[in-house]
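Notes for the one structure printed next.
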Amino acid sequence: MDRLLDDPLSLLPGPIVKLLWPIFQFLGRYRRNLWVFGVLVVVLLLAPMLGVLSGMNYLYLVAALAVPLTIASLYFVMPRPKYGPVIILFAALFIPLSLPTGTESRLVDSFLLTLFFVGNWLAKMIFVDKKFSLAPAPANKPLLGFAAITFFSIIWSGLLRDPLADPANLSKKFVFVQIASALTMVMLPGVFLLVVNYIRDIRLFKWMVALVLVGGVLGIAFRFRFFPIYLVNDDGLFTMWVVVIATALVLFNNNIFWGWKVPLLLIAGGWVYFRFVLQVWWMAGWLPSIIVLAILAFMRSKKLFAVVLVIAAIYVMMNSDYYFGTVLGNETNESGNTRMTAWEMNWTVTGKHLLFGTGPAGYAVYYMSYFPNNAMATHNNVIDILAQTGIFGLAFVFWFFITLIWQGYKVCVRLRGRYDFVEALANISFAGSVACLVMMMFGDWLFPFTYTQTIAGFDYVVYSWLFMAVIPVLDLMFPAEPKAGAPAVAHS
């Protein structure tokens, strides 16, 4: 008994102690703040159970418990803005809270929190610091340029709108819709810059990674009917981020005990199986995961990439009739032809407003005025950005992605060989950013369109912007070594 009281872990088998040791270390380090984790456990676990027992919709119960937690968090975070991105991610993943707008779109909690944190940051620069300053990053200029063009396009499109395209045909609240759409489009770069300017602590990225993995477990448990309640928002590119995080931790982080790598592979494999086998008809569900897996394999080892490529080719060829016949045929008939028609229709409007576009959500006015019975969404961020903000807006977006991906590749090369969480994190962000650029052609997964994903799409689109921002942060935290004979550059 004395041995048990002095060292309770001494009675456990060695492998179990190794498996659980990171948890005990975490609890010991943050024991003073365990009440926070206790509240989170209540929200995520007890609330659904109480909801089922009482007959109440658990979503309302989670929301009710989330309100005091959010208030307490904001009080704690205002003097500590670096925690803002973590709270935004947590809200987007697990808290199904939103406010009505009087339209079909709702203001989700992650969007409101982003407005709060970005607004608080801007207010601090204006009224306290009395200067506008950003951490040095190649993404600053294109993102600020895109934000400026987005708001300018509202004025431009209003002045040059075709008199026959009457906003009243669409809605009397169209001005509000445009402003809300513009804020949605701008707050996504805003949350990116928030991460770049405030996070300099790798532990916060570990928390973000842990949140996504927890969401991945809860989501796959629900999808395979191991758990009856939908607890995580797994829409959009959520699957991709779960897969890239779990796989990169296995491939690039040798500090992880082997007992944790098997569950990580099961999480990634479970989501790939669900999207690529059981839900293969939804290309946006499995294609980004395939892209990030290929990139991670290539960055880890050229031999590994070749092996993965051969295995994938053999699998697809063995099932060629299904994938090239049934799946590809259905995709072509249902989405391919439809999208081509939608893009052609969009060009009849966009072609006349190439400079600065029709404004946020602006081409919907022309659709409802000229062909209301044939209006179709483009489901393509590239075309949407061109239609709404013109060639200038699209140029800034491409500028952003090109500089970000190039910066990400250089960071991955610089950190190669560390085989720790930092190297894994760099490859997570790099591979995910490349996949995001590709997926812009297959949906509005980076900028939710008001009349398709609605503002509520911010909840799952924000995942990508939070994790893409890791690249410039790591570049600042782990700068390149100065060349021989060159003066060292100080980084604040």
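Entry remark, the range 174-225: residues being within 29 Å of Gly269 (Cα to Cα), surrounded by 22 or more Cβ atoms within 10 Å (Cβ to Cβ) and not hydrophobic (A, V, I, L, M, F, W, C) number 3 in total. When each of Leu415, Leu404, Leu446, Leu394 is tested for being in contact (Cβ under 8 Å) with a residue 24 or more places away in the chain, within 30 Å of Lys173 (Cα to Cα) and aliphatic (A, V, I, L, M), the lone residue that passes is Leu446. Can you tell me which residues in the range 207-262 are modelled with pLDDT of 90 or more, farther than 23 Å from Val461 by Cβ and of a type in the set (Lys, Arg)? Within the range 207-262, just Lys261 meets the criteria. In summary, Asn427 fulfils each of the numbered conditions (1) closer than 30 Å to Thr341 by Cα; (2) part of a helix (DSSP H, G or I) with the single exception of condition (1). When the range 359-387 is filtered for residues that are at pLDDT 80 or above and more than 13 Å from Tyr451 (Cβ to Cβ), the ones remaining, listed by number, are Gly359, Asn380, Asn381, Val382, Ile383, Ile385, Leu386. Scanning the range 135-173 for residues that are modelled with pLDDT of 90 or more, part of a loop (DSSP other than H, G, I, E, B) and surrounded by 13 or more Cβ atoms within 10 Å (Cβ to Cβ) gives Ala135, Ala137, Pro138, Ala139.
Residues checked against (1) closer than 30 Å to Asp162 by Cβ; (2) surrounded by 12 or more Cβ atoms within 10 Å (Cβ to Cβ); (3) at pLDDT below 80:
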residue	(1), (2), (3)
Trp271	no, yes, no
Ala306	no, yes, no
Ala312	no, yes, yes
Thr338	yes, yes, yes
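Scanning the range 364-388 for residues that are part of a helix (DSSP H, G or I), under 27 Å from Ala435 (Cα atoms) and out of contact with any Pro (no Cβ under 8 Å at 6 or more places or on another chain) yields Asn381, Val382, Ile383, Asp384, Ile385, Leu386, Ala387. Restricting the range 193-206 to residues that are among the basic types (Lys, Arg) and part of a helix (DSSP H, G or I) leaves a set whose member that is nearest to Val462 (Cα to Cα) is Lys206.
When the range 470-492 is filtered for residues that are of a type in the set (A, V, I, L, M, F, W, C), at pLDDT 60 or above and not in a helix (DSSP H, G or I), the ones remaining, listed by number, are Phe478, Ala480.
When you check Ala92 against the structure, is it among the small types (Gly, Ala, Ser) and touching a helix residue (DSSP H, G or I) at 6+ places or on another chain (Cβ under 7 Å), yes or no? Spelling it out, Ala92 is indeed among the small types (Gly, Ala, Ser) and touching a helix residue (DSSP H, G or I) at 6+ places or on another chain (Cβ under 7 Å). Taken together, the criteria place Phe447 among residues that are within 18 Å of Leu194 (Cα to Cα) and within 15 Å of the chain's Cα centre (by Cα). The number of residues in the range 360-391 that are surrounded by 21 or more Cβ atoms within 10 Å (Cβ to Cβ), more than 24 Å from the chain's Cα centre (by Cα) and touching a residue at least 60 places away in the same chain (Cβ under 8 Å) comes to 5.
Scanning the range 97-134 for residues that are surrounded by fewer than 19 Cβ atoms within 10 Å (Cβ to Cβ), in a loop (DSSP other than H, G, I, E, B) and of a type outside the set (Lys, Arg) gives Thr101, Gly102, Thr103, Glu104, Phe132, Ser133, Leu134. Among the residues of the range 130-139, those that are closer than 22 Å to Met477 by Cβ and not hydrophobic (A, V, I, L, M, F, W, C) comprise Ser133, Pro136, Pro138. Residues that are buried (at least 17 other Cβ atoms within 10 Å of the Cβ), more than 18 Å from Ala431 (Cα to Cα), among the aromatic types (Phe, Trp, Tyr) and touching a residue at least 24 places away in the same chain (Cβ under 8 Å) within the range 273-288 comprise just one, Phe274.
Tyr409 satisfies every condition listed in (1) surrounded by fewer than 20 Cβ atoms within 10 Å (Cβ to Cβ); (2) at pLDDT below 95 except (2).
The values are calculated or read from the model by the stated rules, or taken from the named source; none is laboratory data. None of these values were measured; they are calculated from a predicted model. Cβ sites come from the backbone with ideal geometry, for glycine too, and all protein chains shown count toward neighbours.
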